[in-house]
Every structure is written in C-alpha cells, then in structure tokens.
Amino acid sequence: MKNVLEVMNNLKEKGLIKDYAIGGAIATLKWTEPFFTRDLEIFVIPKKEVAENEILVLTDIYDYLKFRGYDKWVGQWIIIEGIPVEFIPAQGLEEDAVKNAVEVEYEGVKTKVITPEYLIATFLKTSREKDKIKIQMLLEQAEVDIGKLEEILTKYGLIKEFRDFYERWMKEKKK
Amino acid sequence: MDERKKEVKIKREDGKVVTLEELFEGKKKARKELAKLPFEEKIKILVELQKIAYSWGNKKDVIIWKI
C-alpha cells in the first residue's frame with residue numbers, strides 16, 4: 001500500500017496528474033470500522049482540462065506505469081505493487097472531493113483521503129446497494145459535518161436523493 | 001402479552017444478562033471504537049479479511065494485497 005502511494009506521489013510530482021485522493025471503500029474504511037473490499041479506488045484529476053463531451057483518457061498515467069513495469073491487468077484493475085488499483089477520473093463532484101480531501105500519512109508516506117461528507121455524496125450518486133451500506137456506516141461511525149454535507153448535496157442536486165435514502169433507512173431500522 | 005415481558009435476554013460470557021437491544025447497542029459502540037483504529041491497522045485487518053474470503057469463503061478471484 002505504501003509503495004502504491006509513493007507511485008501516486010511520483011505521478012503528481014512529474015506533473016502527469018494534477019492531484020489525486022483515495023476514494024471508495026478504502027477511504028470509507030479510513031473513517032469507519034474495517035471491512036472487506038477488493039480494490040483501491042483512486043480519484044485522479046488529470047493534468048489536462050476536459051470539455052464536457054470530450055472523452056477522458058488516462059494514457060499518460062498508464063504509459064508511465066508501464067514504463068515502471070506495472071502492466072498487469074486483472075479486469076478493470078491495474079496491479080501496482082500487488083494491489084489492484086482502479087483510477088477514476090475526477091470531474092465535478094469528484095474533482096471537488098479530491099480538492100477537499102484531507103492529507104494523511106500512511107507508514108510515513110503523505111497521501112490524501114476523501115472526507116466522509118464527500119464520500120456520502122459520491123456514494124449517493126452511484127447508489128448501488130453496497131454504496132448505500134457505506135453511507136450508513138459513515139453516518140453511524142464517522143464524524144460527519146452535517147452542515148458541510150448539506151452544502152455539498154445542495155451544490156450537486158443530491159438533497160432529495162439523500163432525504164429519500166434517509167427516510168427509507170429509518171423505516172427499515174424501525175422494523 | 002406485554003412486549004417487554006417477551007423481550008429476549010442473553011447471558012454473556014462474562015455472566016452479565018443483557019437484552020437484545022443492549023447487545024446491539026454494545027456492538028454499535030464496539031464498531032465506533034474500531035473506527036478509531038489507525039489507518040495502517042485497518043489495512044492489516046482488511047488483508048486478513050481478504051485471506052479469509054480467499055480460503056474459507058472460497059473466493060479464488062480475491063487478490064490478497066501485499067502491504
């Protein structure tokens with residue numbers, strides 16, 4: 001894990017990406033109890049601005065990784081130092097999430113992790129069953145700044161989705 | 001019958017008798033405590049969970065992280 005983060009920091013230092021942050025399940029796990037997951041999702045702000053309908057390519061990243069000897073793929077994951085990694089280009093909400101991610105250290109290596117408030121918003125956007133479980137875990141176990149969460153949900157038009165999700169969850173809890 | 005009278009009680013290992021509600025409340029508290037573990041510790045636990053999924057859960061497609 002430490003080695004993967006060093007590779008990510010290299011990508012940033014070399015200007016191949018603007019910024020990155022750990023997202024998805026591993027970012028959730030930073031704020032909650034540990035749970036099973038398969039991969040490491042990394043949200044990446046590409047170096048080039050991308051227009052709305054333009055196709056986003058991460059060729060520069062993959063070329064650099066290939067040059068470093070990381071060319072093994074398993075499904076959607078590229079294997080870096082024995083860890084399956086998925087790069088997710090960050091735009092809009094995700095870009096904001098990366099910009100507002102918190103700096104943390106992992107075994108002495110500096111990295112960034114998406115905050116609980118932004119994680120809830122990104123999970124709400126995808127809304128798969130496993131995402132909803134992560135939202136529940138974050139709301140129950142992490143210190144969520146409700147004011148900040150409301151601000152993010154309002155900005156990205158997710159307030160209604162959140163209220164519907166919360167109502168359904170509370171109803172299920174009462175059963 | 002009064003709902004409270006029907007309430008299931010469990011005798012824990014330490015001899016303490018608790019209601020199901022208290023048991024779940026205790027688990028909730030324990031989860032919050034686990035949430036406070038250092039990031040590195042949590043990743044170690046994750047790798048153990050991946051090993052369990054691979055062997056006991058027979059999920060042979062799970063890649064056990066090298067940390």
(request) Enter the per residue convex hull volume of the protein assembly as shown, computed from alpha-carbon coordinates, in Å³ rounded to the nearest integer. (result) 161
(request) Divide the volume of the convex hull of the Cα atoms of the stretch A:46-110 by its number of residues and quote the answer in cubic angstrom per residue. (result) 121
(message) How big is the dipole moment of chain A about its Cα centre under a simple scheme where the beta carbon of each Lys and Arg is +1, that of each Asp and Glu is -1, and everything else is neutral? Debye, nearest 20, please.
(response) 420
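How high is the relative contact order of chain B, in percent, counting Cα pairs under 8 Å that sit 6 or more residues apart?
In percent, rounded to a whole number, it is 16.
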(message) I need to check one value: relative contact order of the stretch A:74-149, counting alpha carbon pairs closer than 8 Å and at least 6 residues apart, in percent.
(response) 20
(message) What is the angle, in °, between the Cα long axis of helix B:39-55 and the longest principal axis of the Cα atoms in chain B? Nearest 10 is fine, range 0 to 90.
(response) 90
(message) If you take each beta carbon of peptide B:33-39 and count the beta carbons of other chains within 10 angstrom, what is the mean?
(response) 6
(request) Work out, step by step, the length gained on full extension between residue B:27 and residue B:51: first 0.36 nm times the residue separation, then minus their alpha carbon distance; give nm to one decimal. (result) 6.2 nm
(message) Keeping every protein chain present and rolling a 1.4 Å probe, give me the accessible area per residue for the protein assembly as shown in Å².
(response) 60
(request) May I ask what percent, to the nearest 5, of DSSP beta bridges between residues of chain A are antiparallel? (result) 70
(message) Using the Cα centre of the protein assembly as shown as origin and beta-carbon charges of +1 (Lys, Arg) and -1 (Asp, Glu), tell me which of A:93, A:141, A:69 is placed farthest towards the positive end of the dipole.
(response) A:141
(request) Let me have the 222 nm mean residue ellipticity of chain A computed from DSSP H runs of 4+ only, each contributing -39500 (n - 2.57), with the sum over all residues rounded to the nearest 500. (result) -15000 deg cm²/dmol
(message) Relative contact order for chain A: what percent, with Cα pairs under 8 Å and sequence separation of 6 or more?
(response) 23
(message) Check which residues have an amide H placed less than 5 Å from residue A:80's amide H, if you skip close sequence neighbours.
(response) A:85
(request) Would you please give the residues with an amide H less than 5 Å from that of residue A:106, counting only those at least 5 places away or on a separate chain, with H modeled from the backbone geometry? (result) A:111
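The values are calculated or read from the model by the stated rules, or taken from the named source; none is laboratory data. Computed from a predicted model, the values in this text were never measured in an experiment. Quick reminder, even Gly has a Cβ in these numbers, built from the backbone with ideal geometry, and neighbours come from all protein chains shown. These area figures cover heavy atoms from the full protein model, side chains too; ligands, DNA and RNA do not enter into them. Shrake-Rupley method; radii C 1.70, N 1.55, O 1.52, S 1.80 Å.
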